[in-house]
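Nothing in this text is a laboratory measurement; each read-out follows from the coordinates by a stated rule. In this text, all values refer to a predicted model and were calculated from it rather than measured experimentally. Counting neighbours? That spans all protein chains shown, and the Cβs are built from the backbone with ideal geometry, glycine included.
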Amino acid sequence: MANPVLLVHGGAWAIPDDMVEAHTNGVNNAAGAGWRALEKGGCALDAVEEAVAVLENDDTFDAGRGSFLNRDGKVQLDALMMCGATLRAGGVGCVERIKNPVRAARVILEKSPHIYFVGEGAERYAEEHGVTLCDNADLVLPRELERWKQAKEQSYLTVPSEFCGPTNSHDTVGAVALDAEGNIAAATSTGGTLNKAPGRVGDSSLIGCGCYADNDTAAASTTGWGEPMMKLVFAKWATDQVTWEHSPEEVAPESIRHLHRRLNGHGGIILVDRQGRVGIAHNTPRMAWALRRHEHSSAGVKFPN
Ligand code: ASP
């Protein structure tokens, strides 16, 4: 038997002072939901699914309702979930009518011989397996419409990398967990980047890029500028570094240094291994996180290193 651990993140960027409370409350609520799943005897997959669903339902984050809009003014969502015991995974990309993409990812992981579905096919598969579809307009907030209009006005003046600076909003969400059976899992969910090209998929939902879990090494979820993370297969790179001698606490900052040194990338990562050891690191000004263990819970927007 293992001592369960749940670690959640709610993005890494220059979270403004007036948004700190919403981010801290959001990750705390998510950690509470995931932890209740573990307390009820749920597995690591249950914990990360419940935690991420809470974050998708929270307008604060770039996941589910309240996500950034793409160039067409639509919400287009990506999510992945992975089981460290079996290496089974489920992912969706570019879905427009699923309120909780992480639940669709779980259905794919559990029921499909395939791993990844996109667009209409993903929506159809989810609906056939009990996920209720919504209208895209239900996922769009007036706040995001306003932000999108401003981005469109400025975009002809702005080179793409400036949209992706470490101070720009990266509110992707994710969770990693260790359950009482000693199994680990990870999940990541996102609306991607502001004013992205329709059809663009970032790192978050790609296996090994924004999310990975293997009982032999560790579980990881990332947030930040997606393209450099994809080039480095970043989550897999990070989990591969975790060994008995090399803890997640050491690997997390090393991974972020690697991302920055190799591609000038930025963002954040959370890690957990089967020993219950955790790592959190980011090279953005802030990162929203929450941690639960028996008799311990903590949360913040800056990890006390
Ligand atoms: N990594 C995400 C993406 O590129 C964005 C984020 O983390 O905010 O889609």
For the chain, what is the percent of antiparallel DSSP beta bridges, rounded to the nearest 5? 90 percent
What is the distance in Å between the Cα centres of segment 193-223 and segment 26-75? 15 Å
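Among 219-225, 145-151, how do they line up from the highest to the lowest mean number of other beta-carbon atoms within 10 Å?
Working: 219-225: 31.7, 145-151: 14.3.
The packing order, highest mean first, is 219-225, 145-151.
Please pull out the direction-averaged projected area of the chain, using the convex hull of its alpha-carbon atoms, in nm² to one decimal place. Don't skip to the answer; put the middle values down first.
Working: hull surface 56.5 nm².
One quarter of the hull surface, i.e. the mean projection, equals 14.1 nm².
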Under a no-solvent Debye model with one identical scatterer per Cα of segment 184-256, what's log10 I(q)/I(0) at q = 0.12, 0.21 Å⁻¹? -0.31, -0.83
In the chain, how many lysine pairs have Cα atoms under 17 Å apart, counting only pairs 8 or more places apart or on different chains? 6
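Compute the orientation-averaged projected area for segment 247-305 from the convex hull of its Cα atoms and round it to one decimal in nm². If you can, show how the numbers build up before the last one.
Working: hull surface 16.7 nm².
Mean shadow area of the hull around the Cα atoms is 4.2 nm².
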Fewest to most Cβ atoms within 10 Å: His114, His9, His266 sort as His114, His266, His9
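Just need the relative contact order of the chain here, percent rounded to a whole number, with Cα pairs under 8 Å and 6+ apart. Mind dumping the intermediate values first?
Working: 866 pairs, mean separation 79.6, N = 305.
Dividing the mean separation by the residue count of the chain yields 26 percent.
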Counting Lys and Arg as +1 and Asp and Glu as -1, each charge on the Cβ, what is the dipole of segment 60-162 about the Cα centre in debye, to the nearest 20? 200 debye
If you rank Leu194, Leu45, Leu55, Leu133 by fewest surrounding Cβ atoms within 10 Å, what's the result? Leu133, Leu194, Leu45, Leu55
By DSSP, what percent of the beta bridges with both residues in segment 91-243 are antiparallel, rounded to the nearest 5? 70 percent
With point charges of +1 on the Cβ of Lys and Arg and -1 on the Cβ of Asp and Glu, referenced to the Cα centre of the chain, which listed residue (Gly10, Gly42, Val107) lies farthest in the positive direction of the dipole? Gly10
A correct Karplus calculation of ³J(HN,Hα) over segment 222-239, with 6.51 cos²θ - 1.76 cosθ + 1.60, θ = phi - 60°, whole Hz and x for Gly and Pro, returns 10, 8, x, 5, x, 5, x, 5, 5, 4, 8, 6, 5, 5, 5, 4, 5, 5
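Work out the P(r) tail for segment 69-202: percent of alpha carbon pairs separated by more than 18 Å, whole number.
Numbers: 5092 of 8911 pairs.
Counting every Cα pair in segment 69-202, those more than 18 Å apart make up 57 percent.
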Taking the Kirkwood radius as the inverse of the mean 1/r across Cα pairs, report the Rg/Rh of segment 1-122. 0.99
From fewest to most C-beta neighbours within 10 Å, the residues Ile280, Ile269 line up as Ile280, Ile269
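Just order 177-188, 239-250, 33-44 by mean Cβ neighbour count inside 10 Å, highest at the front, would you? Walk me through the numbers before you get to the answer.
On the way: 177-188: 26.9, 239-250: 17.5, 33-44: 20.2.
Result, highest mean Cβ count within 10 Å first: 177-188, 33-44, 239-250.
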For the chain, size of Cβ-based charge dipole, Lys and Arg +1, Asp and Glu -1, in debye: 420 debye
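Hey, any idea what the orientation-averaged projected area of the convex hull of segment 201-305's Cα atoms comes to, in nm²? Before the final figure, lay out the partial values.
Values: hull surface 25.6 nm².
Across all orientations, segment 201-305 yields a mean hull projection of 6.4 nm².
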